[in-house]
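Taking it in order: structure first as structure tokens, then the write-up.
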Amino acid sequence: MSVPSESHDEGSGSGSRFVRACLRQPVDRTPVWFLRQAGRYMPEYMAVRERHTLLEICRTPEVAAEVTITAAERLGVDAAIIFADLLLPFTPMGVDFEFVAGEGPMVHVPVRTADQVRALRTDRVDELSYVARSIERVAAHFARPRADGDQLGIIGFCGAPFTLASYMIEGGSSRNYIETKKMMYRDSMAWPMLMEKLVTVLAGFARQQVEAGADVIQIFDSWAGALSVTDYRKYCLEATTELVRLVRAMGVPVIYFGVDTASLLPAMRETGADVIGLDWRIPLDVGWESVGSGCAVQGNLDPITLFAPEDILRARVEEVLRAAAGRQGHIFNLGHGIVPGTPVDAVINVVKWVKETRVA
Ligand code: CP3
């Protein structure tokens, strides 16, 4: 565990270059990891997937830890994100869902009325403790520093209130978020109650992960980019800020990530997150300017560039590093998750190139 930026002193940083970068402390080189680094593009993951469903993997600490560790070691990255899913907190809240092959998540009875929101449970977060047990295993595995003396960072995560609400209300993935926005605009009882309940559950879930050994918590607001700046500020900023505040008070830095967020970045920064995750549509230096220099940034290679020929891929990696210009507080990542079919060798090459680049 490490201390968030407001209370740390410059010299006493963590032994993890990933955590140090989150706190905008000096590092020997840019840390690197990938969104969805353990996923269907990786044969080792698919071998485990043949024997288990996605939810079985998430709910079996031995297997979830194995998947997490294998991906981090195969790629040689500086951080391991725990294998879990955004939707896991739905179960103890009383919302049934499943993952349908090829279609993604499906919530059986979408939450669309104030009565349904009122019925959501916030007192059973303990049922998610299998994620904490997975983290303990990963933390024990990576307890000793690696050959280069660096401590691998362990990332716990949860969804942001808006993105989770969108799955609950729409019942799955969505294009226009009509039902979500209808509740937001029309039901001044249900929407704030839903935001508040989600914050309670997510903070409890994050706390379990921090106590189990997560060094950093990433909050995924994957679909916040569907909102105008006005609506993000009016309907989501307060709840998200409260979640960030609660997690930072647990003594870990927070990474706050969304997709298609160029116009939202200044508002996202107001949540108080230590690091803002940038998608690839905005040049990294422009995005950093937008969040301000008092904040670290993570990103932001287009994940589909991993399908490009080596010279183009390498040029894009260099472009991201050049835009970061060796400033303290850059974590190399993609602008969104690795997709199925991505060549593993391309991912490994990116790690190699980032490692070869000295920032100072
Ligand atoms: O290394 C890792 O990052 C894996 C751990 C992880 C998973 N989900 C496992 C998973 C993480 C960090 C997530 C977060 C998550 N889950 C997000 C936020 C990240 C993002 O992409 O913005 C979201 C939106 C979800 C919800 C979710 N889970 C969806 C929409 C889907 C279906 C996607 C698809 O391509 O089918 C999932 C399924 C899922 N969760 C997979 C994995 C590896 C792929 C499906 C599988 O293995 O069967």
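The values are calculated or read from the model by the stated rules, or taken from the named source; none is laboratory data. Computed from a prediction, not measured in an experiment: that's the story for all the values here. Virtual Cβ from ideal backbone geometry, glycine too; neighbours counted across all protein chains shown. Each accessible area value is taken on the protein alone, full model and side chains, heavy atoms only, with ligands, DNA and RNA left out. Shrake-Rupley method; radii C 1.70, N 1.55, O 1.52, S 1.80 Å.
Tabulated data for the structure shown
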| quantity | calculated |
| --- | --- |
| Rounded tilt (10° steps) of 190-212 against the dominant C-alpha axis of the chain | 40 degrees |
| Three-way shape call for segment 148-296 based on the alpha-carbon gyration tensor, with the a/c threshold at 1.5 | oblate |
| Cα-based Lys proximity count in the chain, under 18 Å, for pairs eight or more positions apart or on separate chains | 4 |
| Scattering curve values for segment 225-313, log₁₀ I(q)/I(0), Debye with Cα scatterers, q = 0.12 Å⁻¹ | -0.39 |
| Label-reachable residues, segment 223-246, where backbone N falls under 19 Å from a point 7 Å from Met193's Cα toward its Cβ | 235-236, 239 |
| Contour excess over end-to-end distance, with Cα ends at Glu270 and Ala101 and 0.36 nm allotted per residue | 57.1 nm |
| Those residues of segment 87-105 whose amide nitrogen sits under 12 Å from the label point placed on Ala47, 7 Å along Cα→Cβ | none |
| Net charge of Cβ neighbours under 15 Å - reference Leu86; Lys, Arg +1; Asp, Glu -1 | -2 |
| In nm, spacing of pseudo-spin labels at Arg245 and Glu319 (7 Å Cα→C-beta vector) | 4.0 nm |
| Local electrostatic count, Thr342, Cβ distance below 15 Å [Lys/Arg +1, Asp/Glu -1] | 0 |
| ³J(HN,Hα), Karplus 6.51/-1.76/1.60, whole Hz, each residue of segment 249-258, x for Gly, Pro | 5, 7, x, 10, x, 10, 9, 10, 10, x |
| Residue-normalised accessible area of segment 17-356, expressed per residue, 1.4 Å probe, Å² | 39 Å² |
| Arg36 long-range amide H proximity, modeled H, under 5 Å | Ile338 |
| Total charge dipole magnitude, the chain, about the Cα centre, Cβ charges on Lys, Arg, Asp, Glu only, Debye to nearest 20 | 200 debye |
| Cβ-derived FRET efficiency at R0 30 Å, Val339 paired with Ser228, nearest 0.05 | 0.60 |
| Furthest towards positive pole of dipole, His108, Ala64, Ala38, structure part the chain, Cβ charges | His108 |
| Point-charge dipole on Cβ atoms (K/R +1, D/E -1) for segment 1-132, about Cα centre, debye to 20 | 280 debye |
| Largest to smallest principal axis extent of the C-alpha atoms in the chain, angstrom | 56, 45, 41 |
| Contact order normalised by residue count of the chain, Cα under 8 Å, 6+ apart, percent | 23 percent |
| Estimated distance in nm for a label pair at Ile348 and Asp126, the labels positioned 7 Å out from Cα along Cα-to-Cβ | 4.5 nm |
| Residues in segment 278-303 that a label on Ala262 would reach, taking backbone N under 20 Å of a point 7 Å out along Cα→Cβ | 278-293, 297-303 |
